[in-house]
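See below for the structure under consideration.
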Amino acid sequence: MYKKLFLTAAIIMACLQAESQTLAPDYKGTSYNNPISANIFCADPTALEYNGRLYVYGSNDHQQFIKNGKKGENTYGEIKSIVVFSTDDMVNWTFHGTIDVARLCASWVTSPWYQGFGVSWAPSVTWRTTEDGTDEFFLYFCNSSHGVGVLKANSPLGPWKSPLNKLLIHYDTPGANKQGTNANFDPGVVIDENGVGWLSFGGLGPSTIMPEAARIVKLKPSMTEIDGSAVIIHAPYHFEANELNVIGGKFVYTYCSNWADRNQTAAEWNTYKTEHGISASAPNTCTMCYMVSDDPTNPDSWVYKGVYGPHPGMGTNNNHSHLQKFQGQYYHIYHGAPLMESWRNAGVIDNNTSIFRSICVNKATVDEATQNIHEVKPNLEGVTAIKNMNPYELQQAETMASCGGVDYENFTNIKKNTKINRLGNDASENMQVQMPANSWISVRRIDFGTSGAAKFTVRAKGTGKMEIRTSRPARPIAAFEFSSTEMEDHTIDLDASKFQGTKNNLFFVVTEATDVFVDAWQFTEVGAASIQDVKSDTKSGRQYFDLTGRRLTDVQQHSGIVIEQYTDENGMKHTRKVVSDNAQ
């Protein structure tokens, strides 16, 4: 198992001067909570709530960015995977890696009009618990403009599989858009209060007041087959970005508006308003609109309600969002391009690099009784934390509010012969953060309590110096050196008076580094036993879980790292990461 390196004399307290070298820049901004990632481009968000966490999925713009050599135009053609993030506090986001859709759908059959899998854009996700207690997750995505595919899993992080050998929605689907006219893309899924699944899709119709490109179809209980024919949603100024919700017993359909000339269609809009008995103004171009219905298969039942998501600006030329309720509060999850603009302004990338997007979040106000959604004002400030982070729980290094100069590595175990891969794999079971010299990660709203922290443990490998700071340029409140060729636990004693109360920000800064990778970290409260200080071999009630929290009944069948929980002879509960083939 991990060798514990207990450092007692390498603490540098706040009285020492901060390192003189220049740290990696803060392109996101310490006071900003948007975008959710400070170093991964991602777009077209969708989300679900599961076991107290919000999981957000998006198109992997970063895959195109890397393929382009970090320059040029985002043509979307190399987006063949889906990114996954999660949070339980809305400010500290865990990057779980990517779902390799190209690999999962590599065996899709060829049709007369399309050569199998091409790309994975604009995901939409939902989940349910079946009668036998099994959790099932369904992720829909568009294969360019040609149709909609579906993936299935038993956890929000997979492993995912393609239950079909072809598209679920395509040009031959009854009621769908026909080849050469409108597109069958940008899916939006929801499971209603009766457990029935519904899927919206369509777009890219003519730039008119009524393109008639929006569709909705009922799904069979399998969620991987359609039930009947798709029907039209008469969505004014419809363009793309379909999503569905059920709010107050009614269906809420959201979409992005098109670029039709509002002056030329003014008379048509006034006629539309009169015919439908509404007072809403015509939406501006590229805004998120919404409609409501209690009978989704009746095209005439859908009532236009207005705009809830204006064009976000932030350097983007399109709009795509998802309305998600989490912990009782609604959120508008959308994309802009503030990170790309920040990088361009700093000269990190060429001025002709565009448009690589980032996912952002702002609060939304929804009247569930009337389905009225107040218009959201996008901004970089984003949302505030809904809870404090517990530093005495094991925290993954890829959980961040922001970062500078870091990269991610995805691996299946920690042995020396492990192959290392970058962005483009399944949502990772095991992730680590590569931290070169002068790089840093930060977390927000950390509650150390009144007693404070007595120890700090970081799971890392390589040779480096790490400092803990309360702001990026501040003097360190603790620092230490470490060196190991394997992923090991490095522990130091702390001055508890420096780690009390709630810290708005905490920075982990690597000032010197040779092949440094960080996997996880954890503080130990004054008076509490460290999870690494296991003096006795007496362990009872041992249980094992994968990194998504699912209990493992046969740990030996699980490859890679697992979470072990047990109680020692003193009745103290312990939690630690172990390699499954070493779990004894």
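Numerical summary
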| item | result |
| --- | --- |
| Highest-first arrangement of 79-86, 39-46, where packing means the average Cβ count within 10 Å | 39-46, 79-86 |
| Length-normalised contact order for segment 194-245 - Cα pairs under 8 Å, 6+ apart - percent | 40 |
| Fully extended contour minus Cα-Cα distance, from residue 365 to residue 30, at 0.36 nm per residue | 118.0 nm |
| Extension gain, residue 346 back to residue 172 (0.36 nm per residue minus Cα-Cα distance, nm) | 57.8 nm |
| Residue-count net charge about residue 399 - beta-carbon cut-off 12 Å; Lys, Arg +1, Asp, Glu -1 | -3 |
| Binned Cα-Cα distance frequencies in segment 114-208 - 10 Å width, integer % | 16, 46, 28, 9, 1 |
| Environment charge of residue 503, counting only residues whose C-beta is closer than 15 Å and scoring Lys/Arg +1, Asp/Glu -1 | +2 |
| Cα centre as origin, Lys/Arg/Asp/Glu Cβ charges: segment 269-417 dipole, Debye | 320 |
| Chain lengthening between residue 485 and residue 407 when straightened (0.36 nm per residue, less Cα-Cα) | 26.2 nm |
| Computed label-point distance, nm, for sites residue 246 and residue 474 using a 7 Å Cα→Cβ extension | 4.7 |
| Neighbour net charge for residue 76 - beta-carbon separation under 12 angstrom, K R +1, D E -1 | -1 |
| Pair residue 103, residue 285: separation of 7 Å Cα→Cβ label points (nm) | 4.2 |
| Modelled FRET efficiency - R0 60 Å, residue 128 with residue 495, Cβ distances, 0.05 increments | 0.75 |
| Accessible surface of segment 210-338, 1.4 Å probe, proportion on carbon and sulfur as whole % | 44 |
| R0 of 25 Å, Cβ-Cβ distance residue 259-residue 377: FRET efficiency to nearest 0.05 | 0.65 |
| For segment 152-274: relative contact order, % (alpha-carbon pairs under 8 angstrom, 6 or more apart) | 20 |
| Residue 387-residue 325 FRET efficiency (beta carbon distance; Förster radius 22 Å; 0.05 resolution) | 0.85 |
| Surface per residue (accessible, 1.4 Å probe) for segment 155-286, Å² | 39 |
| Per-peptide average of other Cβ atoms within 10 Å, ordering 475-485, 90-100 highest first | 90-100, 475-485 |
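The values are calculated or read from the model by the stated rules, or taken from the named source; none is laboratory data. Not measured: the values here are computed from a predicted model. FYI the Cβ positions are ideal-geometry reconstructions off the backbone, even for glycines, and counts take in every protein chain you see. Accessible surface areas use protein heavy atoms only, side chains included; no ligands, DNA or RNA. Shrake-Rupley method; radii C 1.70, N 1.55, O 1.52, S 1.80 Å.
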